[in-house]
1. With contacts defined as alpha carbon pairs under 8 Å and 6 or more residues apart, what's the relative contact order of chain A in percent?
2. Quick one: what are the phi-derived ³J(HN,Hα) couplings along region B:215-226, Karplus 6.51/-1.76/1.60 with θ = phi - 60°, whole Hz, x for glycine and proline?
3. Amide H of B:Gly353 versus every other amide H placed in the peptide plane: which residues, excluding those fewer than 5 positions away on the same chain, fall under 5 Å?
4. Compute a Gaussian network model of chain B, connecting alpha carbons closer than 10 Å, and tell me which residue from B:Ala150, B:Ala212, B:Ala94 fluctuates the most.
5. State the percent of C-alpha pairs, over all pairs in region B:221-267, separated by a distance greater than 12 angstrom.
6. Using Cα positions and a limit of under 19 Å, work out the lysines in reach of A:Lys10, with same-chain residues fewer than 8 apart set aside.
7. Cα-based Rg (one decimal) and Dmax (whole number) for region A:63-113, in Å?
8. For A:Asp340 and A:Ala54 in the same chain, what is the full-extension length gain: residue separation times 0.36 nm, less their Cα-Cα distance, in nm?
Number of protein chains: 2
Amino acid sequence: MHALRFHGPKDLRVEQVPRPRPQAGQVLIEVEWCGICGTDLHEFLAGPIFIPGADRPHPLTGEVPPVVMGHEFAGTVVEVAEEVTDVAVGDVVAVEPLLRCDTCAQCRAGRYNICESGGVYGLAGWGGGLAEYCAVDRRNVHVLPPGMSAEVGALVEPLAVAWHAMIQSGFRAGQTALVIGAGPIGLALLLCLKAAGARWIGVSEPSTARRAMATSFGADAVFDPRSDDVVRHARAAVDGVGPHVSFDASGLPVTLNAALAAVRPTGTAFNVAIWEQSAPIDMALLLGGERTLRSGLCYAGDYPAVIAALADGRIDPTAMITARIELTDVVEHGFTELVDNKDRHIKILVRPGGDAGTGSSAH
Amino acid sequence: MHALRFHGPKDLRVEQVPRPRPQAGQVLIEVEWCGICGTDLHEFLAGPIFIPGADRPHPLTGEVPPVVMGHEFAGTVVEVAEEVTDVAVGDVVAVEPLLRCDTCAQCRAGRYNICESGGVYGLAGWGGGLAEYCAVDRRNVHVLPPGMSAEVGALVEPLAVAWHAMIQSGFRAGQTALVIGAGPIGLALLLCLKAAGARWIGVSEPSTARRAMATSFGADAVFDPRSDDVVRHARAAVDGVGPHVSFDASGLPVTLNAALAAVRPTGTAFNVAIWEQSAPIDMALLLGGERTLRSGLCYAGDYPAVIAALADGRIDPTAMITARIELTDVVEHGFTELVDNKDRHIKILVRPGGDAGTGSSAH
C-alpha cells in the first residue's frame, strides 16, 4: 500500500509499504480521510519532535524513523481480528490515535493523554492515517452514527483537542470566552464553545481571512491584535471585567499574556499551544486577579461528546475543510501549501485511497 | 502618640503623630503587638511599592508618604465610635487590614482581596499597626476568643495568607503538599496544612536553621535544594508521582518551576510570593502533566477559620516569634536585623506601647 513516511525534516516520502495485518484485539481500517495537523507541520519543518529520533526508539512502539504519519483520520473497517466483538466490517469509524502504557499512574487513573510513555499513531510508529490502511486497537476507534461521513470523522480529532481544553478550562454553559488565534484549533474551540452554550465568544486573529472565518462560524466579536486593544475590548464586551475563560491557540509570549490579561479576575487562561521552551508569564496578572493558568494535552474520553455534538448538529465543522487532496500530492499540495499559504487554509484533508473527489478547491 | 512612618526607601522614622480619632463605624485600637512582614522589608529596601508614591496618592486613602507602617497587628479596643454595636471596649481583636472600594465587581462578589483599588492599613495610609493606636473600620477587626493573646492575634495575618493559599490551591484533607521556602509564609503554610489534615508535607529550604524550624513544626521531610534533588525526592516520597499541591514561598524562577515539576500530573502549583516582573515558566510541565499554576493575594474571609484553628490548638504558632522588641528599636532591631540576619528570625513582633517584656531574645 501507499503511505507517507517521515524520514527526517523536509524529507517526507510517499512510499510503498506492506499493508498492516491486524493483531488480536485490533481492527484494520481503510483510511478514507486524514487531516494534516499543525503538529505534522512542525515535524515536517523541524522534526523529529514527537516522532522518535533515530537513536531513541519510541518507548511503546520501539520504532525509529521512517514512520508513517497522520493522526487525524477516519475510515471504514475492512477486517476485524479475533477478540473484537463489537465492531463490524463496514463500520465507519473515527480513530482516537493515543497510544498508552496502561501501567503508569496516569493511565490507571484514566488520564491516558498524559501517559508517561504515551504516543500517537502517525507519530510514534505502528502506522498512521496518511496511508491506505492502518491497524489499530479496538479501543482506538469510535463507530460513527449512521449518516455521519468519514470526512466529518476525520475532524473529530482536532475538535476533541478543543473540547478537552474547553472542559479542562472549567467553562460552563452561559459563560463567556476569548479565543486567541483562529487557526484550526482556535476555530474548533469556537465551534465547541458555541455548542456548549457560550453567551459570548470573542476571537483575536491577525489574518483577515481567518477573522472572516471566525465571524462565519459565529464569533460574537473579532479583533485584529495588530490594531485593536484586544484586552480592553474583551473586558468592555463582558460586564467590564472580561470573559470567564480565555484560550491561547497561538503559542506566543504576547498571546499567552494577553489571554491572562483579558480573562476576568479569578478566571482561567488556558493554553492549547505546544510549547517546547519557557514562556515569560506576567505574574502580576496571576497575583492581582487570582487568575489561573492551565494547559491541556490532547483528549481523554472526549470523543463521544464531540461525536454526539456532530450528530445532533450542534457542531457543523465542514467549512473547516479548505482543500481535499490525494496522497500522491500530500507533500506539495498539503504540507508545502500549508507552510506557504497558511492563511488560505484551515484543514486540508487527504484521501489515501486515491480520488479526492472535489479536488483541492479552497473554500 | 509614637508611630513608625515611611518617608522613603531606607528612611523609616519613629515620630510623634496625632492619636487617630475613630469615625462613625470605627473602633480605636491600642496596638499590643505588630509583626514585621516581608512586604514591609521590601518597602524599607526598595519602596514605595504598595505604599503610594509622592506623586500618586492612594486611590482609596488619598495619602502619600509619610504613612504609618505595620499591617500584622492586634490589640485592645479602647474606644468605640457610633454605629458600632457588636464590639466593646476591652475586646482583644486581630486586625484584618484590607481596605476596599466596595463598588468594583470583585468587592461586590466578596473578593475584596483583589479589589481594583484596594489597599492595606499600614501601607496605603489611614494609619497602621506600628503605632500606639490605630482607628479601623468595624469590619476590619475580629474579636479574639477568651484567653487568646494579642501576641497570637498579631500572627493571624500571616497565617491567613497561608490559609487562603491553601484553600485556593484546592488542597483537601488527606492530601500531600510540598512547600518551597521556610520563611514566615512557608512555615505558616506548614502549620495550616497540618491543621487541615495533610497526610505528608515536605519542605525545601536552603537555611539549616529554617529547615530545623520546619522539622520542629512537623514537616514530614525537609530538603536542602543546594544538595538534594527536591523534585525527585518529593515524587519518590508520595506514591512515585509527587504531592497533590505545591507552594512556592520563595519567588525565584527556579523555585517556581520546581514547584511545578514536583507536583503530580493534574496537580496545582501555587505561588505565594510577590512578583513584580515576568517569570519564565517551563510550559512543558503545564502541558505534559496538565498541571495548573495559580497564585493568590492576601485573604478574604479566611480570618475566622484561622482564629478557630488557633483557638482549638490545631495551630500553635508561638514558636514563629523569634524576637519581641519595642517601637523605639524597630528600625535597628527589627528591619535592619531582618535584613542582616534573616536566617535567625521568623517573625519579629513589635510592642508599640513600650515594654516588650521578654526583650529581643531569639528562640
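1. Normalised by residue count, the contact order of chain A is 17 percent.
2. Working through the residues one at a time gives 4, 5, 7, x, 4, 6, 8, 10, 10, 9, x, 6 Hz.
3. none
4. B:Ala212
5. So the portion of pairs separated by more than 12 Å is 58 percent.
6. A:Lys342
7. Cα radius of gyration and Dmax of region A:63-113 are 14.2, 36 Å respectively.
8. That works out to 100.1 nm of additional length.
The values are calculated or read from the model by the stated rules, or taken from the named source; none is laboratory data. Computed from a prediction, not measured in an experiment: that's the story for all the values here. No Cβ is skipped: glycine too gets one built from the backbone with ideal geometry, and neighbour counts run over all protein chains shown. Keep in mind that these areas ignore ligands, DNA and RNA; they rest on the heavy atoms of the full protein, side chains included. Shrake-Rupley method; radii C 1.70, N 1.55, O 1.52, S 1.80 Å.
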